[in-house]
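Okay, so here's the structure we're looking at.
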Amino acid sequence: METIAAADCERVVKDRFEIDTSPEPMICVALFEAISALPPHSQRALAGTQIARDVRGRCGDRCPDIASALMSDATLAYYDMSRRALHVNDATFEGPRWKSGTPSPAQVDAYLAAVGVTWPDLVTRVRAIGGDVPADAPFGDVRVFDAITRRGGPTLMGGEPTLTELIRHELAHGVQSSFMQLPNIWTALTGWRMSDTGEVANVYDSQHSSTELPIVASRLVLGLPRGASTYQPASSGFPTRYAEFDPLEDYAESIRIVHRDPAALARISPVRFMIVATPALLRVPAARTAIVPGLKELLASREPWFAMRTIEWAGNAILPEAAALSDPRPLPVPADATESERQLITEAKLVVTIDGVTFRPTDEAFQRWFAAARVDLADMEAFERGLSDLAE
């Protein structure tokens, strides 16, 4: 891992990444380590990220309920996608604490109903995750909420992340905000669905929130089913329990884990590994078992354009194992494809050759892509004809 002397950090980070770390100098070295390990296109996407220093999490003392307050007080740092700002809270350095005061009995009742447990059961579950609370803690005891706040993060993330890991996780959200189609491509490749429709999750659909309901975080911390939620995940493949919260956190946790332990992510989810691993990480010997199964998923996926760009970017780091998936056959372009449709296929660059080895989507994946592209192209041409008619 590339690192830097603290005395040089602020200057180098500003010159190299256009990021001013003076609002919180204590994160400078960790930020340098986190961003320098990311691929060049991600580094460029993060250029100009703002650093903000906060006392508390997103909703502070204005949280609408206990679940939101728990998430807010437990938050070490967060990335504001709308403002392209990395917020660093007191909890980053002091550790998370419950700062939201004593909830009313009605608020506690509402929280228990939303989680789906009784107060004694809540206390038992909090003790099971390492919460230092007495078994007979009285109803509404703030020590229970403080324990959830302190133990929630490590429980969801599989331990205490280093400051560099924490910053890298948050920077991954910055990458998502710069490549706006990435979250929706991610959901299609990893099996996320909308809870209400069962359709592939659309993170930026105006009819849905882009993040999950806060109560889901409490349920995951306590080892309970997700229950009512915005999103429904696939049944497996998540690098940590926090990755099960929503598609955005799934991606950020995958980025964090692939840099901490590439072999672990390769074992847990080959397709996630193939998407987020750099060429250097692809070459880690213990992770190479993911190359063939990960590529199989990509080549058969609903996102063939993204799959081929992933293969193209990985380059010969996927060889020789990936040669078993070589397919030099022509794409099954329909005989009635129009000139415009054939041009679209050419521009999509769905055939990639690396060191003489040719890759392309499976027939089914291509046909699915072409059918959707044909509809989109027809709609666009009809729209353009309509504009021309109006102009006459």
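Data table
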read-out: Computed E for L112/S236 - FRET, C-beta separation, R0 30 angstrom, nearest 0.05; value: 0.50
read-out: For segment 143-199 and segment 39-82, distance of Cα centres in Å; value: 12
read-out: Whole-number Å³ per residue for the convex hull built on Cα positions in the chain; value: 175
read-out: Cα centre as origin, Lys/Arg/Asp/Glu Cβ charges: segment 66-207 dipole, Debye; value: 200
read-out: Segment 21-101: proportion of alpha-carbon pairs further apart than 18 angstrom, %; value: 47
read-out: Chymotrypsin sites (Phe, Trp or Tyr not before Pro) within segment 165-202, DSSP loop, no more than 13 other Cβ atoms inside 10 Å; value: F179
read-out: Neighbour cut-off at most 14 other Cβ (10 Å), DSSP loop, GluC sites (Glu not before Pro), segment 1-95; value: E2, E18
read-out: Extension gain from A323 to S36, taking 0.36 nm per residue of separation minus the Cα-Cα distance; value: 100.3 nm
read-out: Gain upon complete extension [K349, Q50; 0.36 nm per residue less C-alpha separation]; value: 104.1 nm
read-out: Unit charges on C-beta of K, R, D, E only; dipole of the chain, Debye; value: 920
read-out: Among beta bridges that DSSP assigns inside the chain, antiparallel share in %, nearest 5; value: 65
read-out: Using a Förster distance of 56 Å, the FRET efficiency for S340-D61 (Cβ separation, nearest 0.05); value: 0.45
read-out: Using alpha-carbon coordinates, inclination of helix 119-128 to the longest axis of the chain, degrees; value: 70
read-out: Of A300, A52, A280, the one that fluctuates the most in a GNM where the chain has Cα springs shorter than 10 Å; value: A280
read-out: Within segment 75-109, trypsin sites (Lys or Arg not before Pro) in DSSP loop having at most 14 other beta-carbon neighbours inside 10 Å; value: R83, R97
read-out: Gyration tensor over alpha-carbon atoms, segment 106-154, equivalent ellipsoid semi-axes in Å; value: 16, 12, 10
read-out: Mean separation of Cα contacts under 8 Å (6+ apart) over length of the chain, as relative contact order %; value: 10
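No lab work stands behind these numbers, since they all come straight from the coordinates. Because the structure is a prediction, the values reported are computed rather than measured. Here Cβ is always computed from backbone atoms with ideal geometry, including for glycine, and neighbour counts include all displayed protein chains.
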